[in-house]
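The values are calculated or read from the model by the stated rules, or taken from the named source; none is laboratory data. Nothing here was measured: the structure is a model prediction, and the numbers come from that model. Note that each Cβ is placed from the backbone with ideal geometry, even for glycine, and that neighbours are counted across all protein chains shown. Ligands, DNA and RNA are stripped out before the accessible areas are found, and what is left, the full protein with its side chains, is counted by its heavy atoms. Shrake-Rupley method; radii C 1.70, N 1.55, O 1.52, S 1.80 Å.
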Amino acid sequence: MSNRMWGGRFTEGPDAIMEEINASIDYDRKLYAQDIAGSLAHAAMLEKAGVLTAADVEAITSGLAQVKNEIETGRFTFSRALEDIHMNVEARLKEIIGEPAGRLHTARSRNDQVATDFKLWVRDTTDQLIVQIGGLMKALLARAGEHADTVMPGFTHLQSAQPVTFGHHMMAYVEMFERDRSRLVDARRRLNECPLGAAALAGTSFPIDREMTAAALGFDRPTANSLDSVSDRDFALEVMAAAAIAAVHLSRLAEEIVIWSSAQFRFVRLSDRFSTGSSIMPQKRNPDAAELVRAKSGRIIGDLNGLLIVMKGLPLAYSKDMQEDKEQTFDCLQSFSLVIAAMTGMIADMTVNEAAMRAAAGSGFSTATDLADWLVRAGGVPFRDAHHITGRIVAIAADRGIELADVPLADMQAVDRRITDAVFEVLTVDDSVRSRTSYGGTAPGNVRAMVARWQARLSGT
């Protein structure tokens with residue numbers, strides 16, 4: 001008796017170990033809706049081409065609807081012996097409608113079938129991710145608008161550098177996530193070509209209409225080369241790469257939330273919904289959601305690396321190695337979706353401690369650059385000289401344990417006689433942030449204008 005999947009070439013079934021390593025149904029069952037959609041489009045096209053009869057297609061259509069219903073209601077029995085979602089669906093279809101089920105696979109292969117199903121899943125998921133990132137950006141915009149005037153320290157090397165506003169800080173992430181969103185949009189545009197009809201690797205001799213199936217499945221066009229069609233996984237890699245870059249941005253923001261929510265900073269407080277306690281220390285409020293966002297970025301990057309390594313040595317066209325594409329892609333994009341949702345929730349309901357931010361903004365001589373800039377503007381001092389003068393005044397403040405604004409004018413003038421009492425107008429953190437009016441700067445007016453621009457841009461999403 002021949003093998004029920006591979007036909008007369010094989011006289012025995014696979015060894016148990018072979019079945020274990022070969023089966024993908026445990027995870028590719030996720031593609032059932034895409035597989036059925038592709039089969040419906042293929043069947044309709046074959047009927048129009050005169051390859052299948054109307055009666056066959058009617059039976060196939062009705063049978064596939066029943067299969068889909070059984071899967072979605074939990075009544076479908078998946079078989080590992082049948083290897084993958086494609087053979088599971090086809091076998092059940094044959095049980096339901098008989099002989100016409102065997103005609104469905106005319107003019108296609110599992111190679112172009114899986115490429116189509118997988119691309120449809122990646123496309124659907126990418127659409128969801130684009131919407132999710134837009135939601136995160138809206139949450140950041142809401143906080144930015146609320147805190148356009150809230151002063152906080154800006155850091156370099158995690159050391160106080162210059163005052164900024166919390167709204168400006170939130171807007172930095174809006175810009176990052178817009179780049180992430182645009183990468184997904186670009187990837188989505190590039191992937192929207194249909195592999196169906198490429199067959200195993202060389203195309204088919206049947207008079208198929210690939211434009212018809214492409215249109216039916218929402219693709220812009222069919223893929224142009226049958227070898228590339230079945231061996232390409234760039235569409236998954238590109239979306240995963242965009243996810244990995246975005247995960248780095250999410251991880252950076254998560255790290256800041258971990259720092260900001262510590263007792264040493266107290267800049268923000270996460271809600272109970274996104275915090276956990278300790279089994280032994282009753283005082284603890286742990287930012288576990290942020291920590292898990294930070295950790296899952298490594299998982300997302302690892303999934304991308306895993307698929308890159310699978311693909312790097314494969315000759316054209318299809319190789320079984322490519323079965324390893326789905327688990328990593330599913331895990332990557334589902335993890336990415338989860339961390340976007342978690343970050344959106346944290347940003348939306350965290351409490352901002354404006355007083356703690358303001359107090360920290362004024363420490364560490366953060367307005368030293370403002371003093372140097374004032375020397376340039378008011379005293380005509382070359383900036384490099386102004387930098388050295390300011391450094392000497394900072395040393396005085398540090399030695400005395402006071403802030404720059406508390407250094408007496410006489411002591412400043414002892415360093416440089418061109419300093420007048422007008423200098424004190426630029427040494428407060430509020431004066432500092434108000435002065436940063438250059439395009440992209442932290443001035444509150446700038447922040448409000450950028451918030452309004454982005455809100456208008458995202459209003460339709």
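Some points to look at:
- For the range 76-126, the candidate set comprises residues that are in contact (Cβ under 8 Å) with a residue 24 or more places away in the chain and of a type in the set (Ser, Thr, Tyr); within that set, the residue that is farthest from ASP234 (Cα to Cα) is SER79.
- The selection criterion, being β-branched (Val, Ile, Thr) and within 28 Å of TYR318 (Cβ to Cβ), does not hold for VAL164.
- When ILE60, ILE85 are screened for being at pLDDT below 95 and either among the β-branched types (Val, Ile, Thr) or touching a Ser or Thr at 6+ places or on another chain (Cβ under 8 Å) (or both), only ILE85 passes.
- Residue among ARG108, ARG123, ARG92 that alone is part of a loop (DSSP other than H, G, I, E, B) and charged (D, E, K, R): ARG108
- The range 287-318: number of residues that are closer than 28 Å to ALA202 by Cα and in contact (Cβ under 8 Å) with a residue 12 or more places away in the chain: 8
- Tally, over the range 88-113, of residues that are open to solvent by 30 Å² or more (accessible area, probe 1.4 Å) and small (Gly, Ala, Ser): 2
- So GLU255, is it without any contact (Cβ under 8 Å) to a residue 40 or more places away in the chain, open to solvent by 10 Å² or more (accessible area, probe 1.4 Å) and touching a strand residue (DSSP E or B) at 6+ places or on another chain (Cβ under 8 Å): no
- Output for the range 136-152, where each listed residue is open to solvent by 10 Å² or more (accessible area, probe 1.4 Å) and assigned to a helix (DSSP H, G or I): LYS138, ALA139, ALA142, ARG143, GLY145, GLU146
- Test: residue in the range 369-392 that is assigned by the TED database to the domain that holds GLU403, of a type in the set (Val, Ile, Thr), closer than 27 Å to GLN264 by Cβ and open to solvent by 10 Å² or more (accessible area, probe 1.4 Å): yes
- Out of PHE336, PHE274, sole residue that is in contact (Cβ under 8 Å) with a residue 24 or more places away in the chain and over 18 Å from the mean Cα position of the chain (by Cα): PHE274
- Looking only at the range 446-457, and only at residues there that are surrounded by 12 or more Cβ atoms within 10 Å (Cβ to Cβ) and without any contact (Cβ under 8 Å) to a residue 12 or more places away in the chain, the one that is nearest to ALA142 (Cα to Cα): ALA452
- Considering only residues in the range 312-328 that are assigned to a helix (DSSP H, G or I) and over 22 Å from the mean Cα position of the chain (by Cα), the one that is farthest from GLU20 (Cα to Cα) turns out to be MET322.
- Restricting attention to the range 42-87, the residues that are assigned to a helix (DSSP H, G or I), in contact with an Asp or Glu (Cβ under 8 Å, 6 or more places away or on another chain), open to solvent by 30 Å² or more (accessible area, probe 1.4 Å) and closer than 21 Å to ALA115 by Cβ total 0.
- Check on LEU338, in the same structural domain as SER275 (by the TED database), part of a helix (DSSP H, G or I) and open to solvent by 50 Å² or more (accessible area, probe 1.4 Å): yes
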